[in-house]
Amino acid sequence: MGRVATGAARRRRVVRHGALAAAVAAADGALKVWAAGALAHGPRVLWPGHVELVLWFNRGAMLGIGAHHPGWVLAVGLAGVTGLALWVGTDAPGALGAAVMLGGGVGNVADRLLTGSVTDYVHVVGWSGIFNLADVALRVGAVAALAAIGLTRPPANPVARDGAAHVG
C-alpha cells in the first residue's frame with residue numbers, strides 16, 4: 001500500500017485528507033436530511049425524462065443487496081471505512097481518492113447507524129437503483145485512487161525501441 005509518512009508532512013496530509021472526508025460526509029448528511037423532508041410527499045423531476053429525486057430508505061448495500069442481513073452490511077461498511085482511514089494516513093498513491101471514498105463511506109455508515117438504513121434520493125431514469133452523494137463519492141474516489149495508482153506505477157518490463165527488454 002505504501003510506506004507511512006512521518007513528521008509534519010504526514011500530519012498535514014492527514015489533516016487535509018481528513019478535512020476532505022469530513023466535508024464529503026457532512027455534505028452527504030445535509031443532503032439526506034434535506035431529501036427526507038423535501039421528498040417525503042413524493043418525487044420531484046430534476047431533468048424530465050432523465051433524472052428524478054425519489055426518497056428511498058435502503059436497508060441493504062448497493063441495489064438492496066443484503067437487506068435481510070443489516071448487521072452484515074453494517075459490519076462490511078465499518079470494515080471498509082476502517083481500511084480507508086488507514087490508507088488515508090499513508091503516503092501511498094491514491095490516498096486522496098481514498099479520502100473521498102472515506103467521506104462517502106462514513107456518510108453511509110453514519111446514516112445506517114442513526115436510522116437503520118441509508119437514505120437514497122437520486123434516480124437516473126432507465127437505471128436500476130437509487131443513490132446519494134456518498135455513493136457518488138465512493139465511485140469517484142475509487143476512480144481517482146485507481147488512476148493515481150496506475151499513473152505512479154512504473155512499467156513492469158520496459159522495452160527499448162529495438163524490442164529488447166532492459167533489466168533495471
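The values are calculated or read from the model by the stated rules, or taken from the named source; none is laboratory data. Only a predicted model underlies this, so the values are computations on that prediction, with no experimental measurement involved. Every residue, glycine as well, gets a Cβ built from its backbone with ideal geometry; the counts of neighbours run over all protein chains shown.
Of the residues that make up segment 99-115, is at least one of a type in the set (D, E, K, R), part of a helix (DSSP H, G or I) and over 20 Å from R13 (Cβ atoms)? Lay out the reasoning, then the answer.
Quick first cut of segment 99-115, residues of a type in the set (D, E, K, R) only: 111-112.
Those left that are additionally part of a helix (DSSP H, G or I): 111-112.
Next, only the ones that are over 20 Å from R13 (Cβ atoms) stay: 111-112.
Yes, the conditions are met somewhere in segment 99-115.
Using the structure shown, decide if G116 is over 19 Å from H69 (Cβ atoms) and either of a type in the set (K, R) or surrounded by fewer than 18 Cβ atoms within 10 Å (Cβ to Cβ) (or both).
Criteria not met by G116.
Which condition from (1) part of a helix (DSSP H, G or I); (2) touching a helix residue (DSSP H, G or I) at 6+ places or on another chain (Cβ under 6 Å); (3) closer than 19 Å to V24 by Cα is the one that L86 breaks?
(2)
Residue-by-condition table, conditions (1) under 26 Å from A144 (Cβ atoms); (2) without any contact (Cβ under 8 Å) to a residue 12 or more places away in the chain; (3) out of contact with any strand residue (DSSP E or B) (no Cβ under 9 Å at 6 or more places or on another chain):
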{"position": "G49", "(1), (2), (3)": "no, no, yes"}
{"position": "G80", "(1), (2), (3)": "yes, no, yes"}
{"position": "L84", "(1), (2), (3)": "yes, no, yes"}
{"position": "V100", "(1), (2), (3)": "yes, no, yes"}
{"position": "G107", "(1), (2), (3)": "yes, no, no"}
{"position": "D111", "(1), (2), (3)": "yes, no, no"}
{"position": "V124", "(1), (2), (3)": "yes, no, no"}
{"position": "S128", "(1), (2), (3)": "yes, no, yes"}
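Would you check if G77 is of a type in the set (G, A, S), under 17 Å from A25 (Cβ atoms), touching a helix residue (DSSP H, G or I) at 6+ places or on another chain (Cβ under 8 Å) and modelled with pLDDT under 90?
yes
Give me the pairs: first residue in segment 51-73 and surrounded by 16 or more Cβ atoms within 10 Å (Cβ to Cβ), second residue of a type in the set (D, E), beta-carbon distance under 6 Å, and six or more apart or on different chains, which are they?
Within 6 Å, the pairs are W56/D120; N58/D120.
Within segment 1-17, does at least one residue satisfy the condition of being modelled with pLDDT of 95 or more and either surrounded by 14 or more Cβ atoms within 10 Å (Cβ to Cβ) or assigned to a loop (DSSP other than H, G, I, E, B) (or both)?
For segment 1-17, residues modelled with pLDDT of 95 or more and either surrounded by 14 or more Cβ atoms within 10 Å (Cβ to Cβ) or assigned to a loop (DSSP other than H, G, I, E, B) (or both): absent.
List the number of the failed condition for W72; all other conditions in (1) over 17 Å from the mean Cα position of the chain (by Cα); (2) within 20 Å of A22 (Cβ to Cβ); (3) assigned to a helix (DSSP H, G or I) hold.
(2)
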